[in-house]
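The values are calculated or read from the model by the stated rules, or taken from the named source; none is laboratory data. Because the structure is a prediction, the values reported are computed rather than measured. Note that we place each Cβ from the backbone using ideal geometry, even for glycine, and neighbour counts take in every protein chain shown. Areas reflect the complete protein model, heavy atoms only, side chains present, ligands, DNA and RNA absent. Shrake-Rupley method; radii C 1.70, N 1.55, O 1.52, S 1.80 Å.
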Amino acid sequence: MSSSSAVLFRPFSLGTMTLPNRIVMAPMTRTMAPAGVPGPSNAAYYRRRAEGGVGLILSEGTVVGRPVSRNEADIPFFHGEPALAGWKGVVDAVHGAGGRMGPQLWHTGSTRGMSGWEPEGPVESPSGLVGPGEARGETMSEEAIADTVAAFAAAAADAKRLGFDTIEIHGAHGYLIDQFFWQGTNMRADRYNGATIKERSRFAAEVVAAIRAAVGPDYPVILRVSQWKQQDFSARLAPSPAEMTDWLLPLVEAGADILHCSQRRFWEPEFPEIDGEAGLNFAGWAKKLTGAATISVGSVGLSSDFFGAFGGENSQAGGIERLVERMERDEFDLIAVGRALISDPDWAHKIQSGDTADLRGFHAAALAELV
Ligand SMILES: Cc1cc2nc3c(=O)[nH]c(=O)nc-3n(C[C@H](O)[C@H](O)[C@H](O)COP(=O)(O)O)c2cc1C
C-alpha cells in the first residue's frame, strides 16, 4: 500500500455495518433497468465495483412505491416483486464479491428527466412547483404525504429484508425531499413549512423517523443532502452554521446516522468567511455541528466537476493528495467517488497499490453502457 493513501484504507464501523475502507461508490442513475427491474447486467456492474475494492456501494437512485415517483423510464423501482427480486440478485452478487451495499431510496418529486419522457399520472410535490414560480403537477395532500412517508419506510424495511447493509435516503439535488427543504418550492401553509429551515425539515424528519422505526436501532441509515439544487446551482439552504444546525440536527435526532453531504468539489470550504479558504467543507461542518458521521464527495481523482458529464465532458485522472490531507484531519469519515468509478471499476485497488499511472479518468462515452 502506498503510505499516502493508507488513511483511506482504514476500516469503518457503524451499528451493524463494518466497511473495509473509507471509499464509497456515489449513487449514480444509469436508467438501464428495463420496466424498472434490475437484472443480471446491473448486478454484474455493481459486482465489478465490489471486486475493485470499493468499501461501500450506494446504488443509483431507486424509487419508492408511489403512483409517480420517477422522472425517466428505466429508473429502477424499489417496490413490487419483480424489482425487489432483481435487487436481491444485485445485493447477492455484491456480497459474493465481498462488497457492502445500500440502495439510494428516491422520489423525484416534480422534476423533469432529461429525455422528455412523461409519466402516466401527475407528478407530486409540496406545492405543485418545480422551481420558484414554475408550476408543475399536484400539491401533495396530508394523505399523500403520509403515504409517501410510509412508502419510504416500506422500502427501507424491504432493503433490510433483502440483505442490504444500509440504506441511503435521497434528500438532495432538488428532488422531493429537497423540495420541502427549499423555500423556492415549498409554499405550504401547514406544519411542513415555516419561516425557518427547521420547520421545512419536518417532512424529511418524518421520513427518517419512519425508516428508523422500520429498520430498528442498529441498522445504519444514511441521508444525502445538498445546498445546491438542479433548479438553482447557487441555492443555499443554510447560509450560516446556525442554520445548518437547524436543518441537520433534527434529522440526526430523528435517526440519521450518516450525513452524505453532496458538493461538486470536495475541497471547497463551506463557510470561508469563518475558517478561511482552506476551511472545513460541507461534510466537515455537518460533522462538527451534529456529531454524526459524514460522507464527502465531489470530483475526487478528477480534473473537473460532474455537471459537464451530462453534456459529454470528459475529465482527466488527478491526484488524491488534497483528499488524503483532509482525511488525515478526520474532517469527515468516508469519501464518495462517482465518475471515476464509472470509467474505472478498479479505481480503489489502483489507489491502494499506488498504481496511479494507470488511472483512467472519466469518459462521458462510458455513460452509454453498463461496464
Ligand atoms: C451519471 C450520473 C448520475 C447521477 N445520479 C445520481 C443519483 O441517482 N443520485 C444522487 O444522489 N446523485 C447522483 N449523481 C451525483 C453523484 O452521486 C455525485 O455526487 C457526483 O457525480 C459528484 O461526484 P464525482 O465528481 O466523483 O462524479 C449522479 C452523477 C452522475 C455523473
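Can you tell me which residue in the stretch 36-62 is farthest from GLY121 (Cα to Cα), limited to those that are of a type in the set (A, V, I, L, M), without any contact (Cβ under 8 Å) to a residue 60 or more places away in the chain and more than 13 Å from the ligand (Cβ to nearest atom)? First the steps, then the outcome.
Taking the stretch 36-62 as the starting set, the residues that turn out to be of a type in the set (A, V, I, L, M) are 37, 43-44, 50, 54, 56-58.
Subsequent filtering for residues that are without any contact (Cβ under 8 Å) to a residue 60 or more places away in the chain retains 37, 43, 50, 57.
From the residues that got through so far, the ones that are more than 13 Å from the ligand (Cβ to nearest atom) too are 37, 43, 50.
On the way: VAL37: 20, ALA43: 30, ALA50: 37 Å.
Only one residue tops the list, namely ALA50.
Could you tell me which numbered condition ALA35 fails, if it satisfies all but one of (1) more than 18 Å from ILE167 (Cα to Cα); (2) hydrophobic (A, V, I, L, M, F, W, C); (3) buried (at least 19 other Cβ atoms within 10 Å of the Cβ)?
Going through (1) more than 18 Å from ILE167 (Cα to Cα); (2) hydrophobic (A, V, I, L, M, F, W, C); (3) buried (at least 19 other Cβ atoms within 10 Å of the Cβ) one by one, ALA35 breaks only (3).
Looking at the structure I just gave you, is GLU168 open to solvent by less than 10 Å² (accessible area, probe 1.4 Å) and touching a Gly at 6+ places or on another chain (Cβ under 8 Å)?
In short, yes.
Scan the stretch 216-274 for residues that are open to solvent by 20 Å² or more (accessible area, probe 1.4 Å) and among the hydroxyl-bearing types (Ser, Thr, Tyr) and jot them down.
Passing the criteria: SER234, SER240, THR245.
Just checking, does the stretch 263-279 include any residue being within 16 Å of the ligand (Cβ to nearest atom) and assigned to a helix (DSSP H, G or I)?
The answer is no, given that none of the residues of the stretch 263-279 is within 16 Å of the ligand (Cβ to nearest atom) and assigned to a helix (DSSP H, G or I).
Specify which of the listed residues (GLU313, GLU321) is within 11 Å of the ligand (Cβ to nearest atom) and acidic (Asp, Glu). Write out each step before concluding.
On the way: GLU321 fails: within 11 Å of the ligand (Cβ to nearest atom).
Matching residue, one of GLU313, GLU321: GLU313.
Would the stretch 290-310 turn up any residue that is open to solvent by less than 60 Å² (accessible area, probe 1.4 Å), closer than 16 Å to GLN227 by Cβ, aliphatic (A, V, I, L, M) and more than 11 Å from the ligand (Cβ to nearest atom)?
Looking through the stretch 290-310, none of the residues is open to solvent by less than 60 Å² (accessible area, probe 1.4 Å), closer than 16 Å to GLN227 by Cβ, aliphatic (A, V, I, L, M) and more than 11 Å from the ligand (Cβ to nearest atom).
Could you name every one of the helices (runs of 4 or more DSSP H) located completely within the stretch 153-253 that has at least 1 residues being within 29 Å of GLY99 (Cβ to Cβ)?
Values: elements: 176-181, 197-200, 202-215.
In the stretch 153-253, the matching helices (runs of 4 or more DSSP H) lie at 176-181, 202-215.
Of (1) in contact with a Gly (Cβ under 6 Å, 6 or more places away or on another chain); (2) near the ligand (Cβ under 10 Å from one of its atoms); (3) closer than 21 Å to ARG10 by Cα, ALA364 satisfies all except one. Which?
All conditions pass for ALA364, except number (3).
Please work out if GLY65 is open to solvent by 10 Å² or more (accessible area, probe 1.4 Å), more than 12 Å from the ligand (Cβ to nearest atom), assigned to a loop (DSSP other than H, G, I, E, B) and closer than 24 Å to ARG100 by Cβ. Give the derivation first.
Values: open to solvent by 10 Å² or more (accessible area, probe 1.4 Å): yes; more than 12 Å from the ligand (Cβ to nearest atom): yes; assigned to a loop (DSSP other than H, G, I, E, B): yes; closer than 24 Å to ARG100 by Cβ: no.
So GLY65 fails the test.
Looking at the stretch 18-32 only, could you name the residues that are farther than 18 Å from ILE75 by Cβ and either within 16 Å of the ligand (Cβ to nearest atom) or crowded, with 19+ Cβ neighbours inside 10 Å (or both)?
Let us first name the residues in the stretch 18-32 that are farther than 18 Å from ILE75 by Cβ, namely 18-24.
Once the filter is applied, which keeps residues that are farther than 18 Å from ILE75 by Cβ and either within 16 Å of the ligand (Cβ to nearest atom) or crowded, with 19+ Cβ neighbours inside 10 Å (or both), the stretch 18-32 yields LEU19, ASN21, ARG22, ILE23, VAL24.
Test VAL94 against the criterion of being at pLDDT 95 or above and open to solvent by less than 10 Å² (accessible area, probe 1.4 Å), and give yes or no. Can you show your working first?
Values: at pLDDT 95 or above: yes; open to solvent by less than 10 Å² (accessible area, probe 1.4 Å): yes.
Taking the combined requirement at face value, the residue satisfies it.
Okay, residues lined up against (1) on the phi > 0 side of the Ramachandran plot; (2) surrounded by fewer than 22 Cβ atoms within 10 Å (Cβ to Cβ):
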| position | (1), (2) |
| --- | --- |
| ALA43 | no, yes |
| SER69 | no, no |
| GLU72 | no, yes |
| PHE77 | no, no |
| GLY128 | yes, yes |
| GLY133 | yes, yes |
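Within the stretch 350-366, restricting attention to residues that are surrounded by 20 or more Cβ atoms within 10 Å (Cβ to Cβ) and out of contact with any strand residue (DSSP E or B) (no Cβ under 7 Å at 6 or more places or on another chain), which residue is nearest to GLY298 (Cα to Cα)?
The extreme case among them is ILE351.
In this structure, is LYS287 within 18 Å of GLU168 (Cβ to Cβ), buried (at least 19 other Cβ atoms within 10 Å of the Cβ) and either modelled with pLDDT under 95 or not aliphatic (A, V, I, L, M) (or both)?
On the way: within 18 Å of GLU168 (Cβ to Cβ): yes; buried (at least 19 other Cβ atoms within 10 Å of the Cβ): yes; either modelled with pLDDT under 95 or not aliphatic (A, V, I, L, M) (or both): yes.
Taking the combined requirement at face value, the residue satisfies it.
Within the set of pairs 6+ apart or on separate chains, which have a first residue in the stretch 101-119 that is hydroxyl-bearing (Ser, Thr, Tyr), a second that is open to solvent by 60 Å² or more (accessible area, probe 1.4 Å) and modelled with pLDDT of 95 or more, and C-beta atoms under 7 Å apart?
The qualifying pairs are THR111/GLN230.
Would you please name the residue that is least open to solvent (accessible area, probe 1.4 Å), looking only at residues in the stretch 336-349 that are more than 30 Å from ALA254 (Cα to Cα) and part of a loop (DSSP other than H, G, I, E, B)? It would help to see each step written out before you state the result.
Step one: of the stretch 336-349, the residues more than 30 Å from ALA254 (Cα to Cα) are 339-349.
Retained after the next criterion (residues that are part of a loop (DSSP other than H, G, I, E, B)): 344-346.
Numbers: ASP344: 1, PRO345: 20, ASP346: 67 Å².
So the residue we want is ASP344.
Please verify whether the stretch 319-335 includes one or more residues that are open to solvent by less than 60 Å² (accessible area, probe 1.4 Å) and at pLDDT below 95. First the steps, then the outcome.
First, the residues of the stretch 319-335 that are open to solvent by less than 60 Å² (accessible area, probe 1.4 Å): 319-320, 323-324, 326-327, 331-335.
Filter once more, keeping what is at pLDDT below 95: 319-320.
Yes, the stretch 319-335 contains at least one residue that is open to solvent by less than 60 Å² (accessible area, probe 1.4 Å) and at pLDDT below 95.
Can you find a residue in the stretch 124-144 that is within 16 Å of the ligand (Cβ to nearest atom) and either in a helix (DSSP H, G or I) or among the polar types (S, T, N, Q) (or both)? Outline the logic, then answer.
Applying the first criterion (within 16 Å of the ligand (Cβ to nearest atom)) to the stretch 124-144 yields none.
Among the residues of the stretch 124-144, not one is within 16 Å of the ligand (Cβ to nearest atom) and either in a helix (DSSP H, G or I) or among the polar types (S, T, N, Q) (or both), which makes the answer no.
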